[in-house]
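Take a look at the structure set out below.
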Amino acid sequence: MWRNLKWRLVIYLAVTLFAILLFLPTVISDLPPWFFKVIPTEKVHLGLDLQGGMHLILEVEAEKAVESYVERIKNNLKDDLRDQGIPVGRLEREKRNQIVLEVSGEKGKWEKILSQRYSMMHELSTTTLDKGIWRVTLVLDSRQEDQVKKNAIDQALETIRNRIDQFGVAEPEITLQGTDRILIQLPGIKDPQRAIELIGRTALLEFKLVDEEGNLEEALKGNIPEGSIILYQRSVDPKTGGIKKIPFLLKEKTLMTGEVLKDARVAIDTQFNEPYVALEFDDIGAKLFEQITGANVKKRLAIILDDNVYSAPVIQERIAGGRAQITGRFDMKEAGDLAIVLRAGALPAPVKIIEQRSVGPSLGQDSIRKGIISTLISAALVALFMIFYYRTAGVIADIALILNIIFVMGALAIFRATLTLPGIAGLVLSIGMAVDANILIHERIKEELRWGKTIRAAIDEGYRRAFMTILDSNVTTLIAALFLYQFGTGPVRGFAVTLSIGIIANIFTAVYITRWAFDFLALKVKVKRLSI
Amino acid sequence: MELIRPGTTFDFIGKKKFTVWVSAIALAISLGSIFFVNGLKYGVDFAGGILIQVRFSQPVDISEVRNAMETMGSKDAMVQKFGGENEFLIRVEKIEDDLEALSKKIQTFLQERFKGKELEIRRVEVVGPKVGKDLKRKALWAVSLSFAAILIFVAWRFKQVSYGLGGIAALVHDIIVTYGAISIAGLEYSLPLMAVILTIIGFSINDTIVIFDRVRENIKKLRKEDLETVFNISINETLGRTILTSGTVMMVVLILFFFGGPVIHDFAFTLIIGLISGTYSTIYIASPVVLFWNKHFTRKKKR
């Protein structure tokens with residue numbers, strides 16, 4: 001019997017030691033690197049509600065990516081038909097995924113172009129408007145549309161990851177949530193507003209020519225020449241804070257985008273001592289830029305970011321070498337952030353912030369401190385009460401409770417779970433249930449002793465009976481917790497995780513480890529009276 | 001030490017004619033308050049909107065903050081004192097599209113206005129209305145499914161549907177009463193309070209199962225007694241445990257209530273109500289439901 005007890009002790013001690021090792025990185029910060037090679041663990045992460053930081057949920061407006069995809073197809077189609085000498089009338093995008101086209105000439109010829117080069121667009125309807133003129137409605141293939149959306153979301157995720165990496169945040173968490181939402185957690189961030197601007201910006205860089213023939217005044221009244229658009233240059237007056245908007249009449253066609261950027265850095269203009277962003281294009285971009293500038297000398301080329309005109313300098317000469325710059329009234333920070341977003345690339349579709357929570361570091365510390373203090377006070381009181389009421393058995397129960405907490409922490413560390421406020425609620429509930437398990441066992445043993453059983457028999461019977469009850473109630477709660485985890489979101493899940501881990505630890509500590517202690521008292525120490 | 005002397009026989013179940021009314025009135029008051037009188041005040045988490053918590057290093061009166069918000073043109077902003085000195089919560093329940101911009105505007109405006117008083121923005125929450133609705137829907141769905149799982153598991157373990165139904169009835173009672181208390185006390189229903197509701201569900205089902213378990217055991221021992229007597233004996237036998245467990249947990253929650261600080265305060269209050277309800281419902285909701293079911297719906301087959 002003692003041999004059996006010895007083996008059980010060895011196993012329990014080993015498990016406890018392992019749990020302590022798992023939990024160690026959370027308590028001690030400077031462990032040697034070999035430690036992590038042996039023990040597969042990390043420190044327990046605190047949720048943003050506890051340690052401060054920012055939590056963002058973005059929704060990628062993937063329809064916009066579909067729109068611009070169809071828009072691009074439309075532009076290509078226009079060029080193609082013109083090249084083939086097919087007369088085109090109206091050619092427009094309708095809704096997000098359709099193109100309406102009025103075409104005349106030989107039917108077979110344009111049909112061939114459509115079916116050969118534009119197989120991703122299906123013909124929805126063709127009506128004859130007049131003799132020899134057709135109106136064709138094309139719709140984007142639905143599988144293709146899904147693919148475009150998926151690509152847009154993947155790319156957005158990647159781009160945002162890049163931006164945050166370059167911004168420099170320790171342990172960021174960027175994950176896809178559902179189909180089109182991106183969850184971003186930035187612990188310990190000091191300037192949430194700046195981070196939001198950095199992450200949420202589309203950063204679509206475009207180069208367009210200024211429409212020099214068109215009349216700006218007429219255009220502002222609503223008579224915008226075909227193929228032109230109006231965009232504004234916004235400048236903030238540093239003294240009054242007022243925003244000045246200068247209109248520009250631009251050619252609609254985009255000559256070049258930020259896709260061909262190789263690098264973007266902050267540089268200082270030596271003349272005015274003002275920072276600007278220096279751009280460097282890749283080979284394709286450099287060639288394209290040379291062509292564009294060469295063909296448009298003495299015209300004005302507008303540099304546009306997210307539909308804001310930054311500058312529109314006159315092209316003095318053909319520019320080789322693939323360099324350009326964005327000037328504006330930046331301060332160093334703004335210029336730096338702009339360089340980051342340009343380097344990381346544009347988002348393929350705009351994102352909308354649908355949830356933002358930021359907790360200042362001081363508030364997080366406050367809630368941790370208060371939480372820890374009240375937890376310690378209550379834990380101490382419960383422990384004292386157990387000893388007061390159950391004597392030796394109470395000491396056993398208290399040790400089991402401490403082990404329970406160690407096991408839960410170890411499990412949180414190895415599963416890389418994050419401890420949040422609802423998570424602490426789950427932990428508290430599981431500890432409450434652990435106390436309950438001990439009370440159930442003790443009361444049952446007392447009852448059996450009252451019936452006149454021997455100490456050994458009372459322990460056996462007490463554990464056997466109480467175990468049924470503990471198992472039933474814990475498993476019921478565990479099932480509920482698993483369902484909450486499976487079907488719940490964020491906070492509900494945080495609660496379910498700690499509760500589930502707590503319940504499993506509870507069955508182990510309250511039933512098996514305390515049993516060892518009782519057996520030890522009955523078999524080895526051979527107590528005459530059980531102090532319970 | 002003995003809290004309850006063995007052989008104690010309080011007639012718990014005998015009081016059920018009276019407690020049915022207690023329960024009915026509690027439920028009526030709760031539902032009345034939730035649906036007709038006070039309503040349930042959803043916080044930013046569920047309703048959507050903006051919440052900003054600010055602290056000043058120097059004394060600032062609440063009216064100054066209110067004034068500032070009005071000057072800014074945000075008339076529907078609510079300002080309340082929160083926790084420590086010179087700390088305030090500003091809440092805007094607007095369900096418009098660009099909450100993010102509004103939040104930014106408020107922050108810059110306040111920074112500007114209270115320049116000399118070292119304003120610290122301690123917490124910002126901006127929740128789009130869709131997010132809150134999603135959370136509500138998903139939480140409801142998760143809880144309903146977990147109830148169904150509890151119903152099936154308990155019915156299977158106790159080999160009778162009535163036990164599952166009794167357990168769920170007790171849970172529904174506890175949830176309604178707790179929401180009723182939230183509504184009557186005018187607390188704001190937010191994420192932490194949702195965590196409390198989940199905790200209460202766990203506590204209540206645990207409590208119910210413990211007594212059901214003893215009933216199951218006693219049915220075999222006391223074959224001659226009718227079910228009502230068996231329930232009463234079982235409740236009495238486990239009374240010591242019920243008082244000890246509920247008492248210990250209550251002690252912890254009371255400590256949280258008094259020392260936990262403002263964030264925990266509402267949390268602890270709700271938990272206190274839920275604990276009382278959870279303990280009560282085992283004896284006076286779950287047990288009578290099982291008894292009622294056995295009396296009216298189970299074919300009498302004497303073993």
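Neighbour counts of other Cβ atoms within 10 Å put A:Val341, B:Val143 in the fewest-to-most order B:Val143, A:Val341. Which FRET efficiency, nearest 0.05, do A:Lys253 and B:Ile243 yield, Cβ-Cβ r, R0 60 Å? It comes out at approximately 0.15.
Here the simple spin-label model places points 7 Å from the Cα toward Cβ, and for B:Val22 and B:Thr108 these points are separated by 6.0 nm. Taking only alpha carbon atoms, segment A:201-346 gives an Rg to Rh ratio of 0.96, where Rh is the Kirkwood radius.
Semi-axes of the equivalent ellipsoid for segment A:139-275, please: Cα gyration tensor eigenvalues, times 5, square-rooted, ordered largest first, whole Å.
Details: eigenvalues 218, 136, 46 Å².
The answer is 33, 26, 15 Å, longest axis first.
With a Förster radius of 25 Å applied to the C-beta separation of A:Leu129 and A:Glu94, the computed FRET efficiency comes to 0.95.
Show me the helices of chain A, taken as full DSSP H stretches, that run 20 Å or more along their long axis by Cα and average 0.5 or above in Kyte-Doolittle hydropathy. Numbers along the way, then the final one.
Numbers: long enough: A:2-27 (37 Å, 1.34); A:62-83 (32 Å, -1.21); A:142-167 (37 Å, -1.28); A:361-390 (42 Å, 1.02); A:392-414 (33 Å, 2.26); A:421-450 (43 Å, 0.67); A:455-487 (46 Å, 0.60); A:490-506 (24 Å, 1.16).
Correct list, ordered by number: A:2-27, A:361-390, A:392-414, A:421-450, A:455-487, A:490-506.
How high is the relative contact order of segment B:49-127? Use alpha-carbon pairs under 8 Å, at least six apart in sequence, and give a whole percent. Could you put the intermediate results ahead of the total?
Numbers: 123 pairs, mean separation 39.8, N = 79.
Result for segment B:49-127 is 50 percent.
Express the Stokes-Einstein translational diffusion coefficient of segment B:49-127 in µm² s⁻¹, to the nearest whole number, given a Kirkwood radius over alpha-carbon pairs, 25 °C and a viscosity of 0.890 mPa s. All intermediate terms of the calculation are to be shown ahead of the outcome.
Values: Rh = 12.4 Å.
The calculation lands on 198 µm²/s.
Considering chain B, its Cα convex hull presents a mean projected area of 19.1 nm². Of the chymotrypsin sites (Phe, Trp or Tyr not before Pro) in segment A:203-297, the ones in a loop by DSSP (not H, G, I, E or B) with at most 10 other beta carbons within 10 Å are A:Phe272. Dividing the summed helix terms, -39500 (n - 2.57) for each DSSP H run of n ≥ 4, by the number of residues in chain A produces a 222 nm estimate of -17500 deg cm²/dmol to the nearest 500.
Averaged over the residues of B:189-202, the number of partner chain Cβ atoms lying within 10 Å of the residue Cβ comes to 6. Whole-percent P(r), segment B:125-259, all Cα pairs, 10 Å bins from 0: 10, 32, 32, 18, 6, 1, 0.
Estimate the FRET efficiency between A:Asp191 and A:Phe36 by the formula 1/(1 + (r/R0)^6), using the beta-carbon distance for r and 30 Å for R0, to the nearest 0.05. Show your work: numbers first, answer last.
Values: r = 32 Å, r/R0 = 1.05.
About 0.45, to the nearest 0.05.
Over all pairs of different C-alpha atoms, chain A has a mean inverse distance whose reciprocal, the Kirkwood radius, equals 29.3 Å.
Label-to-label distance for A:Asp83 and A:Lys287 is 1.6 nm, based on points extended 7 Å past Cα in the beta-carbon direction. Of the trypsin sites (Lys or Arg not before Pro) found in segment A:478-532, those in coil by DSSP whose Cβ has at most 11 other Cβ atoms within 10 Å are A:Lys526, A:Lys528, A:Arg529. Each label was represented as a point 7 Å from its Cα along the Cα-to-Cβ direction; for B:Glu120 and A:Ala295 these points are 5.9 nm apart.
None of the figures in this text is laboratory data; all of them are computed from the coordinates on show. What you are looking at is a predicted structure, and each value in this text was computed from that prediction instead of being measured. As a convention, Cβ positions derive from the backbone with ideal geometry for all residues, glycine included, and neighbour counts pool all protein chains shown.
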